[in-house]
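What follows is one structure encoded as structure tokens, with my remarks underneath.
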Amino acid sequence: MKAQALADFVLECTAWVLEAVSGLRDVDTSTIPPWNLYVDGASNKKGAEAGILIKGRNGEVFEYALRFSFESTNNEAEYEAMVTGLEIAEALEIKRLLVQGDSKLIIDHVHGYCGVKNENQGKYHSKSLSLLPGFDYVVFTHIP
């Protein structure tokens, strides 16, 4: 992943929150409402960026804006946003998550509605799926 160093940096900057939620490990999460993860990526001639917003049940808000130092397609930027958002949610020990993104293609890939035809997108898709076992409940929704 091209942005792994950036993702690691974002996770380090979020580490202070882990201490606050560490006491929740033994809680039955099946009745807890999910957190919301909103992701969006974009790419043009000037570069690629991603936005990540994580909203908690009690009003907690975590916002991240990422600018990539590498060339990226729009779909790759969307995947970067989703992968990084999932990594942050996992680091925050969030167990129930509603992921919302405006890329129908990416959401359809995760649901398995269509195949991944691009090698780079395949790597992002695999990374996304590899993060899911860290959660008790994840739902992906397309928002136009």
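Restricting to region 53-102, count the residues that are aliphatic (A, V, I, L, M) and out of contact with any strand residue (DSSP E or B) (no Cβ under 7 Å at 6 or more places or on another chain). Spell out the reasoning first.
So in region 53-102, the residues aliphatic (A, V, I, L, M) come out as 53-54, 61, 65-66, 77, 81-83, 86, 88-89, 91-92, 94, 97-99.
So of that shortlist, the ones also out of contact with any strand residue (DSSP E or B) (no Cβ under 7 Å at 6 or more places or on another chain) come out as 83, 86, 91-92.
So the count comes out to 4.
Within region 53-90, the set of residues being touching a Leu at 6+ places or on another chain (Cβ under 7 Å), buried (at least 18 other Cβ atoms within 10 Å of the Cβ) and farther than 19 Å from Lys123 by Cβ comprises Ile54, Ile88, Ala89.
Looking only at region 108-130, count how many residues are at negative phi and free of Cβ contacts under 8 Å to residues at least 12 places away in the same chain. Break it down stepwise before answering.
Taking region 108-130 and keeping what is at negative phi, we get 108-111, 113-130.
Now restrict to residues that are free of Cβ contacts under 8 Å to residues at least 12 places away in the same chain: 113-117, 119, 122, 126, 130.
So the count comes out to 9.
Taking region 123-144 on its own, how many of its residues are closer than 22 Å to Gly56 by Cα, part of a helix (DSSP H, G or I) and touching an Asp or Glu at 6+ places or on another chain (Cβ under 9 Å)? Number satisfying all stated conditions: 2. Inspection of region 114-122 finds a residue satisfying the criterion of being buried (at least 18 other Cβ atoms within 10 Å of the Cβ) and either in a helix (DSSP H, G or I) or among the polar types (S, T, N, Q) (or both). Of the listed requirements (1) crowded, with 20+ Cβ neighbours inside 10 Å; (2) at pLDDT 95 or above, Leu131 misses just one: (1). For Leu86, the conditions (1) in contact (Cβ under 8 Å) with a residue 40 or more places away in the chain; (2) assigned to a strand (DSSP E or B) are fulfilled apart from (2).
The values are calculated or read from the model by the stated rules, or taken from the named source; none is laboratory data. Just so it is clear, the model here is predicted, and its values are computed rather than measured. Glycine gets a Cβ as well: all are built from the backbone with ideal geometry, and neighbour counts include every protein chain shown.
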